[in-house]
Amino acid sequence: MSSPFLYSLPPTSTPSLQTHQSIPTTTHSLTRQSWTQSLRANTQSNQFHQAILTYVNMTSSGILPDHFAFPAILKAVAALQHLALANQIHAHVLKYGYGTSSVPVANSLLNVYGKCGDISDVYKVFERIPHSHRDTVSWNSFISALCRFEDWETALEAFRLMLLHDVEPSSFTLVSVAHACSNLPRHHGLRLGKQLHGYSLRMGDIKTFTNNALMAMYSKLGHLNDAKVVFELFEERDLVSWNTMLSSLSQNDMFLEALLLLHRMVLQGLKPDGVTIASVLPACSHLELLEIGKQLHAYALRHDILIDNSFVASALVDMYCNCRKVHSGRRVFDYATEKKTALWNAMITGYAQNELVEEALMLFIEMEAAAGLCPNATTMASIVPACVRSEAFVHKLGIHGYVLKRGLGTDHYVQNALMDLYSRMGNIQIAKTIFDNMDVRDIVSWNTMITGYVICGQHDNALLLLHEMQRVDQEKNESSYEHEKRTPLKPNSITLMTVLPGCATLAALAKGKEIHAYAIRNMLASDVGVGSALVDMYAKCGCLNTSRKVFDTIPCRNVITWNVIIMAYGMHGKGAGALELFNCMVKEVKPNKVTFIAIFAACSHSGMVREGQNLFYRMKDEYGVEPTADHYACIVDLIGRAGQVEEAYQLINDMPLELDKTGAWSSLLGSCRIHQKVEIGEIAARNLFHLEPDVASHYVLLSNIYSSAQLWDKATDIRKRMKEMGVKKEPGCSWIEFDDEVHKFIAGDASHPQSGQLYGFLEILSEKMRKEGYVPDTSCVLHNVDEEDKETLLCGHSEKLAIAFGILNSRPGTTIRVAKNLRVCNDCHEATKYISRITDREIILRDVRRFHQFRDGRCSCGDYW
């Protein structure tokens with residue numbers, strides 16, 4: 001009898017005929033029972049191709065398979081996930097009359113179709129089983145198949161029908177149903193999951209794998225404490241139990257608890273496996289515990305866990321790269337025998353996060369060209385940021401086209417990366433378009449868009465988007481559970497660190513305080529990043545004492561925190577305090593190059609020339625920080641501002657040749673403006689025009705120098721040159737917060753609703769100031785017009801408009817806080833001293849360089865600015 005069996009084995013996988021139960025050469029003498037035993041032996045020993053060959057020989061020998069043989073061969077087909085073969089076996093089942101007469105055969109068909117990927121056949125087979133014949137295995141196979149196809153609601157409905165038909169669920173049923181619950185929207189899934197848990201307790205089901213499934217369910221639904229309770233309440237924990245708990249802790253950012261649990265697990269005599277190592281390494285990565293990570297690496301090597309285990313290798317690469325040991329990560333990558341896409345992604349991400357963008361791009365090319373692997377969304381989420389940061393990669397917009405070509409344009413991780421790309425290229429509108437068209441916006445999406453606005457200087461839009469984010473979160477919290485399958489949109493530490501600089505820039509103190517209160521309520525204020533941002537925000541809003549109080553409450557301060565507070569004291573003209581903080585800092589953390597920029601700036605604003613120079617000449621030998629171009633620029637500003645313009649000029653000439661002198665020339669030009677050094681100012685300006693021909697401030701400063709020296713023709717020539725080159729001066733802009741809203745004023749602008757009232761009030765104030773002895777400093781006006789027109793132009797300066805708005809709209813005695821994008825001019829500085837005395841107000845004005853605190857006709861800078 002010839003077999004109708006059409007399956008052929010691939011030539012590269014021809015099975016050995018040697019099995020646990022050999023097939024005799026005289027196959028005709030074997031009984032059906034012998035063939036069935038051989039099939040079962042093949043399947044039980046995972047020799048699935050051999051099982052199929054046995055089945056082919058069996059049917060070729062004229063032996064018809066029965067209800068014992070079919071489950072064995074179908075198990076082998078399910079393991080191979082071969083749909084065409086499943087269809088052929090199913091045809092045999094029907095041909096030989098076992099389609100509905102044998103429940104075990106029908107159950108095996110359910111299993112094979114569930115694993116081979118044909119849900120329609122799953123339904124057909126299940127529906128053909130008579131209701132009275134469906135047993136627990138039938139329902140389990142059906143529910144399991146529905147879960148594989150991620151039809152979670154139907155799987156739960158099947159479970160309800162199973163109970164209605166009085167079929168008692170088994171532990172396998174509960175595992176599948178728990179898995180379905182974990183994939184539902186959180187509120188709905190948690191409600192049903194708790195019902196399932198209660199049902200299992202009533203059934204007395206305390207099996208280990210049931211509890212493991214419940215732990216995984218609670219963790220995925222965000223109720224880690226419930227997962228912990230389940231873990232602690234049953235004693236028959238196996239390795240899967242520990243791994244489930246370890247993975248849950250790591251995925252919920254409870255890294256220290258994960259490491260402590262690993263220690264407890266080892267003490268109880270359990271031997272970690274690859275899953276254990278891969279679950280715990282992220283904790284070492286995030287906490288930057290390099291030594292513990294190395295110990296886990298050594299353990300993996302001793303126990304051959306790294307062999308053919310791409311997951312552990314990926315976790316090791318991530319750990320080393322996050323601990324800034326990129327070369328160690330690359331060695332793990334190079335020695336891995338099996339490099340799956342996840343491992344390539346880990347190495348590419350490691351390079352990108354450590355700003356080795358060229359290496360990331362080269363590895364990406366190698367991944368495609370040499371390894372033949374197709375990049376996925378995770379790959380592109382790392383490569384897109386690398387492209388925007390790479391100077392060598394010039395066709396940055398082309399990467400968006402590549403993403404679309406790969407069909408990854410709708411993945412929200414990739415969309416987040418594209419938003420960042422366009423923001424950093426200044427195309428904030430395209431970034432906003434991507435954001436608006438996203439189907440799913442997670443917390444990273446909102447943070448990326450907020451960051452984009454901050455990068456592009458649109459701080460007011462960043463604050464508005466934060467408000468919108470909170471509104472959307474509130475609406476979704478109030479909606480029904482059907483709309484709740486999402487990541488919560490509560491601002492996290494990244495959100496706060498991103499948006500607080502916006503509050504600082506706009507002097508939005510009330511909004512900053514609101515964010516501070518939110519941070520305290522949500523236990524984020526102790527985070528070193530959030531704490532540092534709060535210190536900076538309060539300092540830049542003029543509240544130095546509050547800034548210092550926040551600094552003192554941060555439990556673990558890093559170099560950034562110290563740099564921020566030193567810079568704050570410097571901006572407020574507290575040079576001695578900044579130096580005292582520096583001396584405290586070096587006892588705790590090692591200063592970096594930013595530290596010295598901050599302390600030099602503090603010395604400059606306070607006229608502490610000797611102290612600043614002393615530190616400059618000690619910084620390399622005592623603190624191991626090589627002076628950079630920025631440090632030289634600071635020292636030029638320090639000594640030039642103090643009137644030592646010639647010495648500052650000589651210092652620039654003595655700078656190492658390899659350093660960029662742009663910043664130093666700019667500092668010197670500013671000093672020439674203060675001390676009216678025309679000749680040296682011209683030298684500085686000529687160098688700057690060559691180095692940065694498109695920067696308007698260089699032309700404006702030189703024009704100021706000429707105007708102050710009444711060299712009107714030269715000043716006019718500079719303005720003509722600016723016009724010919726298309727260089728435009730940045731308009732003066734000031735901000736003031738009132739009634740939870742930031743009001744913006746631009747020099748000479750009359751668009752504000754109260755403009756008429758503000759100009760009228762300033763005219764009245766001007767008359768009062770003149771009576772007190774105020775004389776307008778018209779040298780600040782660059783235009784060659786008569787004195788009356790110059791005075792009129794001075795009234796329209798943005799800081800005066802903002803101060804007038806604050807006085808008119810606040811209660812008497814209220815402190816006025818104004819921020820400006822440029823350096824305050826001499827006239828506005830002098831006028832504000834008079835305004836503070838006449839109106840009996842404290843006026844805190846922050847310009848681009850420092851703070852000016854006006855009170856009773858005096859400024860905190862002592863006119864040294």
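Okay, here's what the table says:
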item	result
Two-site label geometry, V848 and M362: point separation in nm, points 7 Å out along Cα→Cβ	3.9 nm
³J(HN,Hα) computed for each position of region 512-528 - Karplus, 6.51 cos²θ - 1.76 cosθ + 1.60, integer Hz, glycine/proline x	x, 5, 4, 5, 4, 4, 4, 4, 5, 4, 9, 6, 10, 5, 7, 4, 4
Options (i) 45.4; (ii) 70.9; (iii) 54.0 - which one matches mean projected area of the Cα convex hull in nm² as calculated here	(i)
Solvent exposure ordering (accessible area, 1.4 Å, most first) of D827, D713, D863	D713, D863, D827
C-alpha long axis of helix 662-675 to longest principal axis of the chain, angle in °	30 degrees
Ranked order, Y96, Y55 - accessible area, probe 1.4 Å, largest first	Y96, Y55
L39, L659, reordered so the largest accessible area comes first (probe 1.4 Å)	L659, L39
Modelled label reach - D660, point 7 Å along Cα→Cβ, region 606-639 residues with backbone N closer than 11 Å	629-630
MRE, 222 nm, helices only [DSSP H, n ≥ 4, -39500 (n - 2.57), over the chain, to nearest 500]	-20500 deg cm²/dmol
Surface accessible to a 1.4 Å probe, S241 within the full protein complex, Å²	0 Å²
Per principal axis, descending, Cα span of region 547-635 in whole Å	33, 26, 18
Between 0 and 90°, nearest 10: helix 208-220 axis offset from the chain longest Cα axis	30 degrees
Cross-link pairs beyond the 26 Å C-alpha cut-off, checked among K220/K490; K294/K339; K574/K728; K75/K220	K574/K728; K75/K220
Rounded tilt (10° steps) of 69-80 against the dominant C-alpha axis of the chain	20 degrees
Anchor K340: lysines whose Cα lies under 18 Å away (excluding residues fewer than 8 positions away in-chain)	none
Using a Förster distance of 41 Å, the FRET efficiency for Y623-M254 (Cβ separation, nearest 0.05)	0.65
Potential lengthening between Y299 and F209 on full extension [0.36 nm per residue; Cα-Cα distance subtracted]	29.7 nm
Where a label projected 7 Å from the Cα of R389 along Cα→Cβ would reach, residues of region 399-435 with amide N under 13 Å	421
Derived scalar couplings ³J(HN,Hα) [region 747-759; Karplus, 6.51 cos²θ - 1.76 cosθ + 1.60; whole Hz; x for Gly, Pro]	3, x, 7, 10, 7, 5, x, 9, 3, x, 5, 5, 5
Accessible area of region 502-576 belonging to carbon and sulfur atoms, whole % at 1.4 Å probe	59 percent
Cβ-Cβ FRET estimate between E150 and S170, R0 fixed at 22 Å, reported to 0.05	0.50
FRET efficiency, I838 to V528 (Cβ-Cβ, R0 56 Å, nearest 0.05)	0.80
Compactness index (Cα Rg / 2.2 N^0.38 Å), region 168-217	1.01
Accessible area per residue, Å², the chain with all protein chains present, probe 1.4 Å	47 Å²
For I399, solvent-accessible area (1.4 Å; no DNA, RNA or ligand), Å²	10 Å²
Derived scalar couplings ³J(HN,Hα) [region 156-162; Karplus, 6.51 cos²θ - 1.76 cosθ + 1.60; whole Hz; x for Gly, Pro]	5, 5, 4, 5, 5, 5, 4
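The values are calculated or read from the model by the stated rules, or taken from the named source; none is laboratory data. Keep in mind that this is a model prediction, so the values were computed, not measured. Using ideal geometry, Cβ is built from the backbone for each residue, glycine included, and neighbour counts are taken over all protein chains shown. We work out accessible area using only protein heavy atoms, side chains counted, and drop any ligands, DNA or RNA first. Shrake-Rupley method; radii C 1.70, N 1.55, O 1.52, S 1.80 Å.
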